[in-house]
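Quick note: the coordinates plus some simple rules give every number you see, no bench work behind them. Note that the structure is predicted; figures quoted are calculated from it, not measured. Ideal geometry is used to build each Cβ from the backbone, glycine not excepted, and the neighbour counts take in all protein chains shown.
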Amino acid sequence: MTLLITGGCGFIGSNFVRYWLEHHPEDRVVVYDKLTYAGREENLAGLWDRPTLSLVRGDIADLDAVRAACRENDVRLIVNFAAETHVDQSILGPLVFTETNVRGTHVLLEVARELGLRLHHISTDEVYGHIPDGHSSVETDPLAPRSPYAASKAAADQLVQAYHITYGLPVTITRGANNVGTYQYPEKAVPLFSTNAILGEPLPVYGDGKQMRDYAHVYDHCTGIEAVLLRGGVGEVYNVGTGREMTNLEMVDIVLRTLGKDHSLVRHVADRPGHDRRYSMNVDKLRALGWEPRYDPRQAVAEAARWYAENRAWWEPIRNGEFREYYDRQYAERLAGNAAR
Ligand code: NAD
Ligand code: TYD
C-alpha cells in the first residue's frame, strides 16, 4: 500500500515516517510537504535513498497538486500531519492557520472523496479548550477552542466528521496531547527551554507557570496513530496521550535538572493572551484497541532535553537563522519587562 503523509518533514510527521518505514517495510511512503520553516528534509536524514520513500514538495491547499500526487503514486491512504502548529505564531499571524489547517484539510477531503481514499487526520487536545480540574476530555465532549490555532484545528475536525456523515468517506481522527521528542522545532516550550538552558539564556515562563499539560513522548503518539490505522473504527475519534499532566514549572524543573543547569535561568514573563490553563484527556478508548504508552511524561521530557544537548548540529542553524526574528518579536519585550504582568 502507498501512504501520502502530509507534513512528513515536520516534528511528529518525520517521527511517524521513520516509525512506519521501520515497522511496515512493505509499504511505500510519499511525503507531501510545503517545507515551511517547520518542515525540514534533514528531519529524515539517512532515509531519503530508500526506494520506498519519496518527497513531493507541495501545499495541501493546492487541489491540483494533491490530486496529482495521489494519482501518480497510486495512494490509498492520506495521513494528514500538515498544519501550522504553534499557538504563539497563531496569535501573531492567524490567517495562514485558516488557509492551511481548514482549507488545506478540506482540499484533502475533496481529493479523498474524488479518488475513493481513506483519510486519517491528526488533531489535538487543544480543540477541547481549557479543561477544569476534575475532568478529562472524552472524544464526545463538545469542542471549545480558544486560540486561532485551536479554532482552525477544531474546524478541520468538524469538516472531517461531516465528510464521513455526508459522503460516507472512510475517515479517522486522533487528538494528540503535547508531544515531545526528537526534531521538534525550537518554538515549542520543551525545545525552547532546553536550547535556551544549553545556551545559558533565560527561560521565559508565561505567567505563573502553573498551567498543566500532558507531555507525551512522540513515539507513543506514533504507536497510537498506528493502532487507529490498523484497528480503529471508521468515522471514530481517539485521544492520544498519557492521561497524566504536570505543570509547566515541573516540566522546567525536569529540563534544568537533566541538563545540569540552574533555576536562576527561569524568568516569569507576561502571559500568552487566552492561555489555556489545563489540558487533560481520557485515553481509555485508544487503550481499548490494545495500545499503551511506553513513556511516563517525566521520562519523555528528560529524554527530549537530552536529545537537544546531544544534537546541537540540528538546532543551532535554526536558532541562528530565521528563528531569531520570531524570537525577538515574541520575547524581547517580555524578557525586558522580566516580571509576569
Ligand atoms: P510541525 O510544525 O513540526 O510540522 C508541520 C509540518 O507541516 C511541516 O513539515 C510543514 O512544512 C508542513 N506544512 C505546513 N503547512 C503546510 C501546507 N500548507 N502544505 C503542506 N505541508 C505543510 O508540526 P508538528 O508538531 O509535527 O504537528 C503535526 C500535526 O500534529 C499537526 O497537525 C498538529 O496540529 C498536530 N499536533 C501537534 C502536537 C504537538 O505537540 N506538536 C500535539 C497534538 C497534535
Ligand atoms: P507550547 O509548547 O507552545 O504548547 P501548547 O501551547 O500548544 O500547549 O507550550 C506548552 C506550555 O508552555 C504552554 O502552557 C505555554 C507554555 N510556554 C511558556 O511558558 N513559555 C514559552 O516560551 C512557550 C513557548 C510556552
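Take region 261-280 and flag every residue that is touching a helix residue (DSSP H, G or I) at 6+ places or on another chain (Cβ under 9 Å) and free of Cβ contacts under 8 Å to residues at least 12 places away in the same chain.
Answer for region 261-280, where residues must be touching a helix residue (DSSP H, G or I) at 6+ places or on another chain (Cβ under 9 Å) and free of Cβ contacts under 8 Å to residues at least 12 places away in the same chain: Asp262, His263.
Checking the condition of a type in the set (S, T, N, Q) and within 20 Å of Asp214 (Cβ to Cβ), which residue from Asn282, Asn320, Asn311 passes? Please lay out each step first, then the result.
Values: Asn320 fails: within 20 Å of Asp214 (Cβ to Cβ); Asn311 fails: within 20 Å of Asp214 (Cβ to Cβ).
The match here is Asn282.
Kindly indicate whether any position in region 171-183 is within 15 Å of ligand 1 (Cβ to nearest atom), farther than 27 Å from Gly232 by Cα and in contact (Cβ under 8 Å) with a residue 24 or more places away in the chain.
Looking for residues that are within 15 Å of ligand 1 (Cβ to nearest atom), farther than 27 Å from Gly232 by Cα and in contact (Cβ under 8 Å) with a residue 24 or more places away in the chain, one finds at least one in region 171-183, hence yes.
Among the residues that make up region 45-55, is at least one of them within 16 Å of Thr2 (Cβ to Cβ), in contact (Cβ under 8 Å) with a residue 40 or more places away in the chain, in contact with a Phe, Trp or Tyr (Cβ under 9 Å, 6 or more places away or on another chain) and surrounded by fewer than 20 Cβ atoms within 10 Å (Cβ to Cβ)?
Within region 45-55 (the criterion being within 16 Å of Thr2 (Cβ to Cβ), in contact (Cβ under 8 Å) with a residue 40 or more places away in the chain, in contact with a Phe, Trp or Tyr (Cβ under 9 Å, 6 or more places away or on another chain) and surrounded by fewer than 20 Cβ atoms within 10 Å (Cβ to Cβ)), the answer is yes, since at least one residue qualifies.
I'm told Asp62 meets every condition in (1) in contact (Cβ under 8 Å) with a residue 12 or more places away in the chain; (2) closer than 18 Å to Phe323 by Cα except one. Can you identify the failing condition by its number?
Asp62 satisfies every listed condition except (2).
Can you tell me which residues in region 286-340 are touching a residue at least 40 places away in the same chain (Cβ under 8 Å), closer than 30 Å to Tyr238 by Cβ and part of a loop (DSSP other than H, G, I, E, B)?
Correct list: Leu289, Gly290, Trp291, Pro293, Arg294, Tyr295, Asp296.
Before we move on, is Thr36 of a type in the set (Val, Ile, Thr) and touching a Leu at 6+ places or on another chain (Cβ under 7 Å)?
Values: of a type in the set (Val, Ile, Thr): yes; touching a Leu at 6+ places or on another chain (Cβ under 7 Å): no.
Here the answer is no, as Thr36 does not meet what is asked.
Kindly evaluate His217 against the criterion of being closer than 30 Å to Leu115 by Cβ, away from ligand 2 (no atom under 12 Å from the Cβ) and in contact (Cβ under 8 Å) with a residue 40 or more places away in the chain. Show your work before the answer.
Working: closer than 30 Å to Leu115 by Cβ: no; away from ligand 2 (no atom under 12 Å from the Cβ): yes; in contact (Cβ under 8 Å) with a residue 40 or more places away in the chain: yes.
So His217 fails the test.
This table checks each residue for (1) of a type in the set (S, T, N, Q); (2) farther than 21 Å from Val87 by Cα.
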| site | (1), (2) |
| --- | --- |
| Arg278 | no, no |
| Asp284 | no, yes |
| Gln299 | yes, yes |
| Ala309 | no, yes |
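Within region 70-83, can one find any residue that is surrounded by 14 or more Cβ atoms within 10 Å (Cβ to Cβ), within 16 Å of ligand 2 (Cβ to nearest atom) and of a type outside the set (Phe, Trp, Tyr)?
Yes.
Going through region 87-117 one residue at a time, which ones are within 26 Å of Val234 (Cα to Cα), away from ligand 1 (no atom under 13 Å from the Cβ) and either surrounded by fewer than 18 Cβ atoms within 10 Å (Cβ to Cβ) or among the polar types (S, T, N, Q) (or both)?
Glu110, Arg113, Glu114, Leu115, Gly116
So Val228 passes all but one of these: (1) in contact with a Phe, Trp or Tyr (Cβ under 8 Å, 6 or more places away or on another chain); (2) assigned to a loop (DSSP other than H, G, I, E, B); (3) away from ligand 2 (no atom under 16 Å from the Cβ). Which condition number does it fail?
(2)
Taking Glu84 as meeting all but one of (1) more than 9 Å from ligand 1 (Cβ to nearest atom); (2) within 19 Å of Gly7 (Cβ to Cβ), write down the number of the exception.
Among (1) more than 9 Å from ligand 1 (Cβ to nearest atom); (2) within 19 Å of Gly7 (Cβ to Cβ), the lone unmet condition for Glu84 is (1).
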